[in-house]
Amino acid sequence: MGGLLKTEAVVLRSLRYSEADRILHLYTPHRGRLSAIAKGVRRARSRFGGRLEPFFRLRIELHEGRGELLTVTGAQTVDGHAGLRSSARALDAAARACDAVGRLFETGEPHPGVFNLLCHKLSLLDADPAGATRAGALAFRLKLLHAAGLAPQLGACAGCGEVEHLVGFSGAAGGVVCGGCEASSFPLEVEAHDFMLDALGRPLSEAPSAEERTLGQVERAVAETLEHHAHVRLMPAAGRAG
């Protein structure tokens, strides 16, 4: 495969390379995650300006050669998300969202829904930087699990199918478990179970809130699911201030 590729993309990461270049990790709707080199972008008179920075949503042109690393030949800004850049907390939340997408969806397999979800998350942070909460970050991760086909089973015991007395969560089993199947699980309170149901059922803009104790259980459930079934370990959903 070769030639010119035109696509929308979100810049997940931008890394310095050589004296004037940058390596970009991009997420696209129809080519998944891509890596590209932007030559001369760090020069003062670069035609790309500052639009190849993390969290930019772009219409980008890439030359595709024989190797895995594409070359940026053109870029137009769709959304620079200037609002979220005014808040350290929102910047941190955006970085963690992009990192989660890059780690969980690291191949070229197309996931248009994941691209749209990431764009929506960045737009929400841009519109309301103060809304960069741990609850919002966990709601986003639960939706990523769903998109990856790894959404935890929450309606019945993942071990035996029992619908009552659901007292724990097992990452290995893939969901909530009853008292008879709770070996190797950790206790999951009703509030954490309800949060996960609500977060999966509501739009991202209507993510539920919860106490820190509850969010801690949700984060552990998400982390154990990812480690057991995707062999992925993410950064915490929010920094100390989140």
Would you confirm, using the coordinates I've provided, whether residue 93 is assigned to a helix (DSSP H, G or I), closer than 13 Å to residue 238 by Cβ and more than 13 Å from the chain's Cα centre (by Cα)? no
Sole exception among (1) of a type outside the set (S, T, N, Q); (2) modelled with pLDDT of 95 or more; (3) in contact with a Gly (Cβ under 9 Å, 6 or more places away or on another chain) for residue 21, by number: (2)
Could you go through the stretch 113-121 and let me know if any residue there is assigned by TED's automatic domain parsing to the domain that holds residue 207 and either of a type in the set (S, T, N, Q) or assigned to a loop (DSSP other than H, G, I, E, B) (or both). yes
Residue among 139, 75, 44, 130 that is of a type in the set (A, V, I, L, M) and modelled with pLDDT of 95 or more: 139
For residues that are under 12 Å from residue 26 (Cβ atoms) and of a type in the set (Gly, Ala, Ser), scanning just the stretch 54-103, find the one that is surrounded by the most Cβ atoms within 10 Å (Cβ to Cβ). 75
Being surrounded by 19 or more Cβ atoms within 10 Å (Cβ to Cβ) and free of Cβ contacts under 8 Å to residues at least 60 places away in the same chain is true for just one of 38, 20. Which residue is that? 38
Sort out for me the strands (runs of 3 or more DSSP E) sitting completely within the stretch 1-84 that have 2 or more residues that are among the small types (Gly, Ala, Ser). 3-17, 32-38, 69-79
Just a yes or no: is a residue in the stretch 127-146 surrounded by fewer than 17 Cβ atoms within 10 Å (Cβ to Cβ), in contact with a strand residue (DSSP E or B) (Cβ under 9 Å, 6 or more places away or on another chain) and not in a helix (DSSP H, G or I)? no
Select from the stretch 168-213 the residues that are small (Gly, Ala, Ser), part of a strand (DSSP E or B) and out of contact with any Pro (no Cβ under 9 Å at 6 or more places or on another chain) and list them in ascending order. 170
Residue 139: out of contact with any Phe, Trp or Tyr (no Cβ under 9 Å at 6 or more places or on another chain) and either farther than 30 Å from residue 12 by Cα or in contact (Cβ under 8 Å) with a residue 40 or more places away in the chain (or both), yes or no? no
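The values are calculated or read from the model by the stated rules, or taken from the named source; none is laboratory data. This is a predicted model, so every value here is computed, not measured. Ideal geometry is used to build each Cβ from the backbone, glycine not excepted, and the neighbour counts take in all protein chains shown.
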